[in-house]
Structure formats: C-alpha cells, structure tokens
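Each reported figure results from applying straightforward, stated rules to the coordinates on display, with no laboratory input. In this text, all values refer to a predicted model and were calculated from it rather than measured experimentally. For neighbour counting, all protein chains shown are included, and Cβ atoms are generated from backbone atoms with ideal geometry for every residue, glycine included.
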Amino acid sequence: MPRSRFAGSLISPKVDVYIDMGNPFLNHTVDAFLKIGTVAATKTVVEETYGMITRGSVSSHNFEKSLKKMCKEGAYWGTVAGVYAGMEYGAERIRGTNDWKNAMIGGALTGALISAACNNNRDKIVMDAITGGAVATASEFLNYLT
C-alpha cells in the first residue's frame, strides 16, 4: 500500500531592526512601536485586500482609503505598544527587578493613559487600566510557559 510522508520544519522568519536612540527607554519604545505598528498595518492590508476582492471593486479611491486606514491602524497600535514597552521598562528600572509585576504595572498604566486620552469617564479609565494590567500579566505568564 502506498504511503506518503512529509518531513521538514517550519521556521518563522526573524527580521530584527534595531534603531539606537541613545537611551534604553527610547530604544524599547521605538522598537515596540515599529514591530507592532508593522503587524497592525499588515493586518489592515490583508483585511482591505480581502474586502476589495470580495466586493470586486479595486479602484484608486479604494486603494487610497485602504492606505490611510493602514497608516492609522499602524500608528495607533504602534503607539499603544510603544507606551506599554516604555512603561514596563520604566517599572523595571524603578523597581530594580524583572518580573511579572512590571508587565502588570506597565499594562495598567498604558490602559489608563490610552483611555484617558480617548475619554473623560473616570470609571472607564479605571476599567481600562484593570484590563490593560490583566492582559499584560496574562501575556507574561504565557511567555513563561513557552
């Protein structure tokens, strides 16, 4: 009886760009902005391409709209990631230790800052700070598992 077998490995590509800003805090912030901003922009490109294909309308107007959305999403998520990376690094430097609590502090501060920039509702800001801290802490714990 014929058999087939697949042998190989999938290795994710690693692209690392390092921009030295002359300060470790700025280095962490800019690095996170670029990496996550690129992911968000790429996600938007794929979504918009899929939308154009399913609608069957590829035009320069749709392309321009997609490009603006890509830049907006990349800048927004890059900014959130940059703020988080900076806050986590700052917490690490102030506390003098590298543990999950820095992620919690960084996530809570980021959630509060981003929320405060978008609205004036105190309860919403507190809830977003709690959510940011919880998501960052969960992410840190998941990193320890792998």
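Scanning the range 117-146 for residues that are of a type in the set (A, V, I, L, M), over 16 Å from Trp77 (Cα atoms) and more than 17 Å from the chain's Cα centre (by Cα) yields Ile125, Val126, Met127, Ile130, Leu145.
Taken together, Glu88, Glu92, Glu64, Glu73 contain a single residue that is of a type in the set (Asp, Glu) and exposed (fewer than 14 other Cβ atoms within 10 Å of the Cβ), which is Glu64.
Taken over the range 40-55, residues that are within 19 Å of the chain's Cα centre (by Cα) and surrounded by fewer than 15 Cβ atoms within 10 Å (Cβ to Cβ) amount to 4.
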